[in-house]
Every structure is written in C-alpha cells, then in structure tokens.
Amino acid sequence: MRTVRIADVSAVRIEHTGDTASGYQETSLRLEWRDGSRSIVCDHDPELGPALVRLLPSHVAVKERWDQLREPSTG
C-alpha cells in the first residue's frame, strides 16, 4: 500500500447511495492526487463530507453528491 501525504491530495469526492426501501446505505469516498486515486466504500456516513471540509486544507476540493434513491432490486 502506498502512503500519500495529505498535502498531495488534490480532490475528494463523496457519493451517497441507497434505495427507497432502506434509505441511504453506502458512502463512497474517492481521494485523488497527481499520480493516482483511491476509492473506499463504507456504511452510510452523512457527516463525512462536512467533517472533511473542516479538516482538509482549503486547496483540497471536496465534492459531495447525494444520488437519488433508486427502487430496490428484485431478484
């Protein structure tokens, strides 16, 4: 695993997903830097975006998206 200094992170993308039966269930976090990126999917955390905005340096763009809840899959 490669370690990236927080000063090298250029952007953070957060996406919340779920369905109409259960609500939001997952949060996807993507960290981007000059030479690559890394994604992590975890249980839904509505406070992750605001916490990262407070913690990260102002030059790091934090973009948060709440996907429209989809119908539950049948199958």
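Here are the numbers:
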| item | result |
| --- | --- |
| Exposed trypsin sites (Lys or Arg not before Pro) absent: longest stretch of the chain, with sites in DSSP loops and at most 10 other Cβ within 10 Å deemed exposed | 35-75 |
| Using alpha carbons only: equivalent-ellipsoid semi-axes of the chain, gyration tensor based, whole Å | 27, 14, 9 |
| E15, E71, reordered so the largest accessible area comes first (probe 1.4 Å) | E71, E15 |
| The chain: antiparallel DSSP beta bridges as a percent of all, rounded to 5 | 70 |
| 3J(HN,Hα) from dihedral phi, segment 6-21, Karplus parametrisation 6.51/-1.76/1.60, rounded to Hz, x for glycine, proline | 4, 5, 8, 6, 9, 7, 10, 10, 10, 10, 9, 9, x, 10, 5, 7 |
| Accessible surface of the chain, 1.4 Å probe, proportion on carbon and sulfur as whole % | 49 |
| In order through segment 41-51: 3J(HN,Hα) via Karplus (6.51 cos²θ - 1.76 cosθ + 1.60), integer Hz, x for Gly, Pro | 10, 9, 4, 4, 9, x, 8, 4, x, x, 5 |
| Accessible-area value, H59, 1.4 Å probe, nucleic acids and ligands omitted, Å² | 110 |
| Residues with amide H under 5 Å from that of D19, placed H, sequence gap 5 or more | Q25, R70 |
| Net charge dipole size for the chain [Lys, Arg +1 and Asp, Glu -1 on Cβ; Debye, nearest 20] | 420 |
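The values are calculated or read from the model by the stated rules, or taken from the named source; none is laboratory data. It should be emphasised that the depicted structure is a prediction, and the values quoted were computed from it without experimental measurement. Here the Cβ is made from the backbone with ideal geometry for all residues, glycine too, and neighbour counts use every protein chain on show. Heads up: the accessible areas ignore ligands, DNA and RNA and are worked out on the full protein's heavy atoms, side chains in. Shrake-Rupley method; radii C 1.70, N 1.55, O 1.52, S 1.80 Å.
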